[in-house]
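Data first, discussion second: the structure below is written as structure tokens.
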Amino acid sequence: MSAFRAMLVRELRLARRGGGDVLTLVLFFIIVGAIVPFAVGPDRELLARIAPGMVWIAAFLAMLLGLDRLFRPDHEDGSLILLRQADLPLSAVVAAKLITHWLVSALPLIVASPFLAMLLAMDVETFWRMLISLLVGTPALAAFGAVGAAVTVAIRRGGLIAPILVAPLSIPVLIFGTGSISATQSSAALLFLAALSLMAVALAPFAAALAISSGED
Amino acid sequence: MTSRQVFPPLSLRATGLVCGRGGMALTRALDFSVTPGRCLLLRGANGSGKTTLLLTLAGIVAPLDGVFALEGSDAETGPALHYCGHRNAVKPRLTVAENLCFWAAVNGATGLSIDAALQQVGLERLGDLDAGYLSAGQSRRLALARLLVSLRPLWLLDEPTAALDAEGHDLVTRLLDNHLDMGGLAIAATHDPITLPDPARMETVVLGARP
């Protein structure tokens, strides 16, 4: 357990000392949302109607941006080889990375989402539903992303391949995510989203660990 | 073997081991065995497969042919080897002590304390410095300190003396000798000749040369 905690502490320290990475993701998230009114025109009704989808797309894109940070630095400086021989199982290493990935790349987006809600003329009730749906759904995005990053980590300049691998896997998350924001049948969609998240988070560490340990260096 | 023996008696035995990358064989079929308290030095030109052999023994690369086994090891006790590669696995944004504490935690703090290990490798004054400020040789020393904080019987060292000064060279020799005293095994790929105080403990395999 202390090894797992050490892994968490290390990842959080690295993220905190990484400087502006978190801020960059948050700004990207807000900017994606902010350019929508320019693209579709200042029709408040239309904006309010497409807002749930836009929020999820912005969150999805912002989380893809952070994927390359998940395993690549450790791969490049040789840490990943050593982590394969650690006493701590590789799946636990991935689980720790998954938790911190969510904390540094999804939680800040959720905190920043009120700004986006304002820009997209969202009403208060929809805003609360959006907050819950992001909280429930982003772990699934992080988990799928971790698997994609693990599969592509050994590929040189594979940074752009992971998002392409991950995007199709994330479609159900987007469907149920936006479904749980819209007014009708939101609770059923939210339950599906929660099921997706739980399943993805439970399986991803093993899948990603398998991908890493079966790759050559 | 001496009274300081701390490791269970393990021996590494390889039979007809052929290592290669991308399906291309780099080494001839190798037969060797390393017994407790012995060190195998791998010599050979660039590209003769020294690193590949070490990676194969570490389980990172699959052998093309042949088998190797660490006899006497118990799967329950966890990984039995330390790999020390070209890359030092040092995080520049963590301090020297934080780097070492992390590896001690994930590998099991069964060896020296952090302070003692840093003292052994001559970094005792730099514990609070960001590892990003270390020179290449100092980073190497930090990588070697990682081997000291968790006791594991088999050391796989890839160019352990790279970037080290003359004193660092002696340090590697001393650490290696200590490790063998404790009943450990070591395989080191090196261009620098390493001379242990007791040459009988060393065996040299030249890779690349046809027998």
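The values are calculated or read from the model by the stated rules, or taken from the named source; none is laboratory data. Here the structure is a predicted model, which means the values were calculated and not measured. Positions of Cβ are generated from backbone atoms using ideal geometry, with glycine treated the same way; all protein chains shown enter the neighbour counts.
Observations, loosely collected:
- Restricted to helices (runs of 4 or more DSSP H) entirely inside the stretch B:1-120, those with at least 1 residues that are touching an Asp or Glu at 6+ places or on another chain (Cβ under 7 Å), in contact (Cβ under 8 Å) with a residue 24 or more places away in the chain and outside the structural domain of B:LEU134 (by TED's automatic domain parsing) are B:50-57.
- If you go through the stretch B:121-152 and pick out every residue that is assigned to a helix (DSSP H, G or I), away from chain A (no Cβ under 13 Å) and β-branched (Val, Ile, Thr), you end up with 0.
- Looking at A:LEU174, A:LEU210, just one residue is aliphatic (A, V, I, L, M), more than 14 Å from the chain's Cα centre (by Cα), surrounded by 13 or more Cβ atoms within 10 Å (Cβ to Cβ) and not in a loop (DSSP other than H, G, I, E, B), and that residue is A:LEU210.
- Some residue of the stretch A:177-198 being assigned to a helix (DSSP H, G or I), in contact with a Lys or Arg (Cβ under 7 Å, 6 or more places away or on another chain) and more than 21 Å from A:ALA92 (Cβ to Cβ): yes
- No other residue among A:GLU45, A:GLU11, A:GLU76 is out of contact with any Pro (no Cβ under 6 Å at 6 or more places or on another chain), of a type in the set (Asp, Glu) and buried (at least 21 other Cβ atoms within 10 Å of the Cβ) apart from A:GLU11.
- Output for the stretch B:59-85, where each listed residue is under 16 Å from the mean Cα position of the chain (by Cα), facing another protein chain (nearest Cβ under 7 Å) and modelled with pLDDT under 90: B:ILE60, B:PRO79, B:LEU81, B:GLY85
- Filter result for the condition that a residue is in contact with a Pro (Cβ under 7 Å, 6 or more places away or on another chain), of a type in the set (Gly, Ala, Ser) and in a helix (DSSP H, G or I), over A:ALA95, A:ALA112, A:ALA162: A:ALA95
- On the stretch given as the stretch B:1-51, residues that are touching a Cys at 6+ places or on another chain (Cβ under 8 Å) and either of a type in the set (Ser, Thr, Tyr) or within 17 Å of B:LEU176 (Cβ to Cβ) (or both) total 1.
- Residue among B:LEU164, B:LEU126, B:LEU175 that is in contact (Cβ under 8 Å) with a residue 24 or more places away in the chain, buried (at least 16 other Cβ atoms within 10 Å of the Cβ) and not assigned by TED's automatic domain parsing to the domain that holds B:SER73: B:LEU126
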